[in-house]
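In what follows, a structure is listed as structure tokens, so that the remarks can point back to it.
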Amino acid sequence: MRRMLLAVVPAFAMLACGGAKEDAAEGGAPEQGEPAATTPQAAEGGASISGTVKFTGTAPANPNIDMNEEAACKSKHSGQPTDPEFVVNNGNLGNVFVYVKSGLAAGKTYTAPTSPVVLDQDGCLYKPRVFGVMTGQQIEIRNSDPVLHNIKAVPKENRGFNISQPTEGMKTTRTFAMREVVVPLECNVHSWMNAWVGVLDHPYFATSSNDGSFKISGLPAGTYEVEAWHEKLGAKTMQVTVAADEGKTQDITFAAK
Amino acid sequence: MSWFLPPGASTFAGDIDWLYYMILIMTGIAFVVVEVGLIWFLFAYRNRPGRKALYYHGNNRAEVIWTSVTAIAVIATGLLSAGVWDDIKGRESVPAGAMMVGIRAQQFEWHFKYPGPDGQLGTADDDSTRNQLHIPVDTPIVAVMTSDDAIHSFFVPAFRIKQDAVPGMTIRVWFNATKAGKYEIACAELCGLGHYRMKAMVTVYAKDDYNRWLGDTSRRSASASESSSVAPRPVAMNHEGGSH
Amino acid sequence: MATTATTLDGIGAHPHVDAHHDSFVRRYIFSTDHKIIGIQFLLMSLFFLMIGGILAMFIRWQVGFPGKPIPGGGVLPETMAPGGIVLPEFYNSIVTMHGTFMVFFAIMPLLVGVFGNYLIPVKIGAPDMAFPRINMASFWMAVPAGFIMLAGFFVEGGHAAAGWTSYAPLSANPELTGVSTGQVLWSVSLIILGLSSILGSFNYITTIVNMRAPGMNWFRLPLSIWSLFITAILVLLAMPVLSGAIIMLLFDQTIGTHFFRPDTGGQPLLWQHLFWFFGHPEVYILILPGMGMASDIIANGARKPIFGYTSMVIAIMGIGFLGWGVWGHHMFMSGMNPTLGTGFMISTMLIAVPSAIKVFNWMGTIWRGNIQFHVPMLHSMAFVSMFVIGGLSGLFMASTPVDIFIHDTYFIVAHLHYVLFGGSLFAIFGAITYWYPKMFGRLMNPFWGKVHFILTMITFNLVFFPMHSLGSQGHMRRIYDPTQYEFLRDLQWVNEMISMAAFVLFASQFIFAANFILSWTKGERAGPNPWNDNGLEWSLPSPPPHGNFAVTPTVYRGPYEYSSPLVTEDFLPQDLKLEGNRESAAHAAGH
């Protein structure tokens, strides 16, 4: 009995501490449809890495989507719907997933936020298309279309799932337990629909917005390997060193292939 | 509610519908004879005071007669059907010069591929559509079918055609649409959660209109960086570690 | 106490003299008495029949009223029916499990497990089965198989969802459905059930061949026993094929073999050939015992010998034999060589002939009879009339060109339900009512029996007859929401009507259930022979004691000597000895 208490009490203490911290710094779920530009929760330190993801060269034209046989979705698009593989505005690249790949203190654990990340299906497209989530954090999948969608996750490390949402307004939540960058999501009813979710066991990640900007905050001082991933252009890694409370600017450039 | 088949729009409808109605009449007669006979016997030979049943073990002549009649009727149906089957599904039945269309079935979409100006399927100038099949009227079409994942089945009720699309096999099915218009295509083999919605539309054009459509799509697909249907998604292997 | 008659010497089934010393568990739970085992199968199968029926209600709710929440459906988990609205993947599981439970855990054990076990020894004059302990093992393997099959509803990913026919690669590749453990449980359950059936089958064959009472020669066997005999041979030869195929499927799914998965070099069509090579004999397993028992009941109800007994036997054998050569008719559209299709079409057309012979002979049996409309007779006549519809509809799909249109439509669903429900299940209702007094010593209430019959007969036809029409309009089967198709929207009212009739059909079965349960203690007590039947079991007390016959009977004639001129009663039991040589004279004259 006494041994059980000895094990249980410290566990509760750690949980309580973690809980307090996350209450204090609620990162907030991204708004529906917006990629998460900033870190989901403020953690240990006060340093940050921010910048703009740039794109040089001519962006390839995004492919047309043939939505002729899905009238309910086609009507949500003015003009020819296209698949936003490249989100390029004034030489800036959106939907790039930027995260700390290594360099954090070994053995440290981070608590996932209680608020979910919302993934919406709207106009037969995933919104957001690229986003990050922590292990154990809920992803709330919504169907805003009056048509059947299924959401199939095809991870390598995690347990996958394949769930359907036949009617508008349905909501389902799922989580991933293991770190994996990135897990592809797809719809089989609409084979052009793709999304990618980066699952990390720490909160130091962000996705670049339409204007290319991103910010990872709350970092302790240290040297980090940071990776930027794009669905078509691959990944770029770089070393970034931040001092305590330093706001480091780090731009990343992708070139047209 | 009807026992009549929906309007047919292909060269197969005549023969298939004729066979269906012939069988309907034959079974209809058998149905009436047997069921009315049963009801009549149940009424006429019902138990009444003083009635005794006939102690009778059978009649070989009657047995030979009704067995032969049945056998002749069913074998005749089989022989009549065999010719029609050969004409529709026989490996040699595809008319020479039939226009080729590629059909790729996948969970849960139909992808159609057209040969393009060079007239060959599988070359760079192929055009493709998702869930829409565009064909000219009065033209034999041979569809070359594949599946990416599960077994699907290409079913066009108005054309009276159905053919399973089996992964790992390339299967040909041919047809010749006789009436311009739009007809629904359904998947007729359970293929997963989206099976009920795996529908497409075939548009049959008068010959001139079809050439116009061909011209249109060539312009449309040239502007896209890749064709408007997505490349086949390979079916993932089992994850290491076995079942989830 | 049994005498050691010559036919029983040296055979394992020695009547248990000290039965009264056994504990309750040995007598009623782990019993080796075929009658107890038969009743155990009866209770188990009726339970699974109810499960199958509940699943059918889910199907009809969704098809009739797509997307509407099931009343009270909020209790279902979100993975199945969030807010009570069935999800498409759960619908596919329900369709799969409805077929699976009905075929393997309801109809098959009801016909083969219940009546095979109960009737064979008592109708041939034997004290028990040849291998009573194997018989017990057979039941006690079916039970865990049933539990495993039920367990599939509770695992992650849900239950098997590839249809009761489990076509590969949908069933072999978990990526295609999201179902993995559920399909594994389905497979394991059926392997165990297959073994249970195989154990039963060689017990039946051995018993019928070796343990018939003196005078019970082959052509004096009741048709129920003939049909169970041929069925047992079919089970013995067909079930191993299914087990083999399922083992291959299991390996493809779990350890990476390539039998059926084309992405790794396998052949999906191989599964279909293997499954249907089992599957077609299986459907004859599912009808033959019903035909046999209906024959017994019809002769009894008409008070008249079976018309053409020998042809009936030949027809049973013909169906059993020809049934091995028609499996490809399930695969006409599969992509197999079309010439095979022509071959299978001819064999399929031919197999209509023995079934037609039986129908004509049943008609010949009631012709000029003296028909008593007891409840079993009502069900048996319904069996004949509904089986005729099912058989005739089969001719449409046997014609390969017509099958191009109706394959995988509700026309097929109509056909299979007319033969399995209209045929087998009515025969089962009749048989349960008929042998209930022998099993339990009391009669089921005839008034409520008639009410149940009329309600079932009417609503059954309201549910399944319109499906022929739906199919002939091209309405596909296994479709979660038919209104997605323009060409089906105008037919949706038919689906609604079918669903409402189905709800009444299901509710009507509670009358049968209540009659079954209440009659056990409140039914009118039955003597040995409430139906004035000729079979050997009707000379035994109701219920018979352990070991059945105090004295091994001697059989003098066939089982259908009703209205014989040799006696004043309108029946003449098989083991009743008559003085003089009148019998052979009557035989020479009356046939």
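Is it fair to say C:SER385 is facing chain B (nearest Cβ under 9 Å), among the hydroxyl-bearing types (Ser, Thr, Tyr) and within 22 Å of B:PHE43 (Cβ to Cβ)? Please lay out each step first, then the result.
On the way: facing chain B (nearest Cβ under 9 Å): yes; among the hydroxyl-bearing types (Ser, Thr, Tyr): yes; within 22 Å of B:PHE43 (Cβ to Cβ): yes.
Yes; evaluated as a whole, the condition is true for this residue.
Any idea which residue in region C:216-256 is nearest to C:GLY325 (Cα to Cα), counting only those that are of a type in the set (S, T, N, Q) and within 14 Å of chain B (Cβ to nearest Cβ)?
Among residues in region C:216-256 that are of a type in the set (S, T, N, Q) and within 14 Å of chain B (Cβ to nearest Cβ), the one nearest to C:GLY325 (Cα to Cα) is C:GLN253.
Within region B:64-76, count every residue that is surrounded by fewer than 19 Cβ atoms within 10 Å (Cβ to Cβ) and facing chain C (nearest Cβ under 7 Å).
Total meeting the criteria: 4.
Can you name the number of the only condition in (1) without any contact (Cβ under 8 Å) to a residue 24 or more places away in the chain; (2) in contact with a helix residue (DSSP H, G or I) (Cβ under 9 Å, 6 or more places away or on another chain) that C:ASN337 fails?
Tallying (1) without any contact (Cβ under 8 Å) to a residue 24 or more places away in the chain; (2) in contact with a helix residue (DSSP H, G or I) (Cβ under 9 Å, 6 or more places away or on another chain), C:ASN337 fails exactly one: (2).
Counting only residues that are within 12 Å of chain B (Cβ to nearest Cβ) and surrounded by fewer than 24 Cβ atoms within 10 Å (Cβ to Cβ), how many does region C:409-427 have? Walk me through it before giving the result.
Taking region C:409-427 and keeping what is within 12 Å of chain B (Cβ to nearest Cβ), we get C:409-412, C:414-415, C:418.
Narrowing the set further to residues that are surrounded by fewer than 24 Cβ atoms within 10 Å (Cβ to Cβ) leaves C:412.
Of the residues in that region, 1 qualify.
Those residues that are under 18 Å from C:GLY394 (Cβ atoms) and part of a helix (DSSP H, G or I), I need them from region B:1-16; list them, please.
Within region B:1-16, B:ILE16 is the sole residue that qualifies.
Only residues that are surrounded by 23 or more Cβ atoms within 10 Å (Cβ to Cβ), in a helix (DSSP H, G or I) and either more than 11 Å from chain B (Cβ to nearest Cβ) or not hydrophobic (A, V, I, L, M, F, W, C) (or both): list them for region C:299-318, please.
Scanning region C:299-318 gives C:ASN300, C:GLY301, C:TYR309, C:ILE316.
Looking at C:GLY83, C:GLY99, which one is touching a residue at least 24 places away in the same chain (Cβ under 8 Å) and of a type outside the set (Lys, Arg)?
Working: C:GLY83 fails: touching a residue at least 24 places away in the same chain (Cβ under 8 Å).
Result: C:GLY99 is the single residue among C:GLY83, C:GLY99 that is touching a residue at least 24 places away in the same chain (Cβ under 8 Å) and of a type outside the set (Lys, Arg).
Picking from B:ALA105, B:ALA158, B:ALA96, which residue would you name as being within 20 Å of B:ALA177 (Cα to Cα) and touching a residue at least 60 places away in the same chain (Cβ under 8 Å)?
Of the residues listed, the single one that is within 20 Å of B:ALA177 (Cα to Cα) and touching a residue at least 60 places away in the same chain (Cβ under 8 Å) is B:ALA158.
Return yes when B:LEU19 is modelled with pLDDT of 95 or more, under 20 Å from C:PRO401 (Cα atoms) and touching a Leu at 6+ places or on another chain (Cβ under 7 Å) and no when it is not. Can you show your working first?
Values: modelled with pLDDT of 95 or more: yes; under 20 Å from C:PRO401 (Cα atoms): yes; touching a Leu at 6+ places or on another chain (Cβ under 7 Å): yes.
Against the criterion (modelled with pLDDT of 95 or more, under 20 Å from C:PRO401 (Cα atoms) and touching a Leu at 6+ places or on another chain (Cβ under 7 Å)), B:LEU19 qualifies.
Listed here are the residues, each with its yes/no results for (1) within 14 Å of chain C (Cβ to nearest Cβ); (2) surrounded by fewer than 20 Cβ atoms within 10 Å (Cβ to Cβ).
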position	(1), (2)
A:THR175	yes, yes
A:ARG179	no, yes
A:CYS187	yes, no
A:PRO203	no, no
A:ASP211	no, yes
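Which of the residues that make up region B:77-109 are within 9 Å of another protein chain (Cβ to nearest Cβ) and among the hydrophobic types (A, V, I, L, M, F, W, C)?
B:LEU79, B:LEU80, B:ALA82, B:VAL84, B:TRP85, B:ILE88, B:PHE108
For region A:77-95, indicate whether the set of residues that are more than 14 Å from chain B (Cβ to nearest Cβ), buried (at least 16 other Cβ atoms within 10 Å of the Cβ) and either more than 20 Å from the chain's Cα centre (by Cα) or of a type in the set (Val, Ile, Thr) (or both) is non-empty.
Yes, there is a match, as at least one residue in region A:77-95 is more than 14 Å from chain B (Cβ to nearest Cβ), buried (at least 16 other Cβ atoms within 10 Å of the Cβ) and either more than 20 Å from the chain's Cα centre (by Cα) or of a type in the set (Val, Ile, Thr) (or both).
Does any residue of region C:269-276 turn out to be surrounded by 24 or more Cβ atoms within 10 Å (Cβ to Cβ), within 10 Å of chain B (Cβ to nearest Cβ) and on the phi < 0 side of the Ramachandran plot?
Checking region C:269-276: at least one residue is surrounded by 24 or more Cβ atoms within 10 Å (Cβ to Cβ), within 10 Å of chain B (Cβ to nearest Cβ) and on the phi < 0 side of the Ramachandran plot.
Has region C:87-110 got any residue that is closer than 28 Å to C:TYR167 by Cβ, out of contact with any helix residue (DSSP H, G or I) (no Cβ under 9 Å at 6 or more places or on another chain) and part of a helix (DSSP H, G or I)?
yes
Anything in region B:78-106 that is assigned to a helix (DSSP H, G or I) and aliphatic (A, V, I, L, M)? List them, or say none.
B:LEU79, B:LEU80, B:ALA82, B:VAL84, B:ILE88, listed by residue number.
Is one or more of the residues making up region B:170-184 assigned to a loop (DSSP other than H, G, I, E, B) and more than 26 Å from B:LEU214 (Cα to Cα)? First the steps, then the outcome.
Step one: filter region B:170-184 for residues assigned to a loop (DSSP other than H, G, I, E, B), giving B:170, B:178-180.
Right, trim to more than 26 Å from B:LEU214 (Cα to Cα) and you get none.
There is no residue in region B:170-184 that is assigned to a loop (DSSP other than H, G, I, E, B) and more than 26 Å from B:LEU214 (Cα to Cα).
Would you mind telling me which numbered condition in (1) part of a loop (DSSP other than H, G, I, E, B); (2) more than 10 Å from every other protein chain (Cβ to nearest Cβ) A:GLU157 fails?
(2)
Which residues, counting only those in region C:532-543, are modelled with pLDDT of 95 or more and either small (Gly, Ala, Ser) or surrounded by 21 or more Cβ atoms within 10 Å (Cβ to Cβ) (or both)?
C:ASP533, C:ASN534, C:GLY535, C:LEU536, C:GLU537, C:TRP538, C:SER539
Starting from region B:47-59, keep only residues that are of a type outside the set (Phe, Trp, Tyr), then list their pairs with residues that are modelled with pLDDT under 95 whose Cβ atoms are within a distance under 6 Å, requiring at least 6 positions of separation or different chains.
B:HIS57/C:HIS591
In region B:114-141, how many are away from chain A (no Cβ under 13 Å), assigned to a strand (DSSP E or B) and either surrounded by fewer than 18 Cβ atoms within 10 Å (Cβ to Cβ) or of a type in the set (Lys, Arg) (or both)?
So the count comes out to 1.
Looking at region B:145-192, which of the residues that are polar (S, T, N, Q) and crowded, with 24+ Cβ neighbours inside 10 Å is farthest from the other protein chains (Cβ to nearest Cβ)?
B:SER147
Being under 23 Å from C:SER171 (Cβ atoms) and facing another protein chain (nearest Cβ under 7 Å) is the filter here, so list the residues in region B:196-208 that pass it.
Within region B:196-208, B:TYR196, B:ARG197 meet the criteria.
I'm trying to understand the selection: among the residues of region C:475-498, which are of a type outside the set (A, V, I, L, M) and farther than 21 Å from C:THR96 by Cα? So that I can check it myself, show each step before the final result.
Step one: list which residues in region C:475-498 are of a type outside the set (A, V, I, L, M), which gives C:475, C:477-478, C:480-487, C:489-490, C:492-493, C:495-496.
Answer for region C:475-498, where residues must be of a type outside the set (A, V, I, L, M) and farther than 21 Å from C:THR96 by Cα: C:THR483, C:GLN484, C:TYR485, C:GLU486, C:PHE487, C:ARG489, C:ASP490, C:GLN492, C:TRP493, C:GLU496.
Just to check your reading of the model, which residue among C:ILE357, C:ILE389 is within 28 Å of B:GLU189 (Cβ to Cβ) and either assigned to a helix (DSSP H, G or I) or in contact with a helix residue (DSSP H, G or I) (Cβ under 8 Å, 6 or more places away or on another chain) (or both)?
Just one listed residue meets the conditions, C:ILE389.
From the list A:ASP66, A:ASP120, which one is surrounded by 17 or more Cβ atoms within 10 Å (Cβ to Cβ), acidic (Asp, Glu) and in a strand (DSSP E or B)?
Working: A:ASP66 fails: in a strand (DSSP E or B).
None of the others qualify; the one that does is A:ASP120.
Taking C:GLY83 as meeting all but one of (1) of a type in the set (Gly, Ala, Ser); (2) at negative phi; (3) within 10 Å of another protein chain (Cβ to nearest Cβ), write down the number of the exception.
(2)
Please find, among C:VAL451, C:VAL419, the residue that is within 22 Å of C:ALA501 (Cα to Cα) and in contact with a Gly (Cβ under 6 Å, 6 or more places away or on another chain).
The conditions single out C:VAL419.
Is it true that C:SER166 is away from chain A (no Cβ under 13 Å), more than 30 Å from C:GLN40 (Cα to Cα) and out of contact with any His (no Cβ under 8 Å at 6 or more places or on another chain)?
Considered against the rule, which asks whether it is away from chain A (no Cβ under 13 Å), more than 30 Å from C:GLN40 (Cα to Cα) and out of contact with any His (no Cβ under 8 Å at 6 or more places or on another chain), C:SER166 comes out as no.
The values are calculated or read from the model by the stated rules, or taken from the named source; none is laboratory data. Being a predicted model, the structure only gives us computed values, none of them experimental. With ideal geometry, Cβ positions are generated from the backbone for all residues, glycine too; neighbour counts draw on all protein chains shown.
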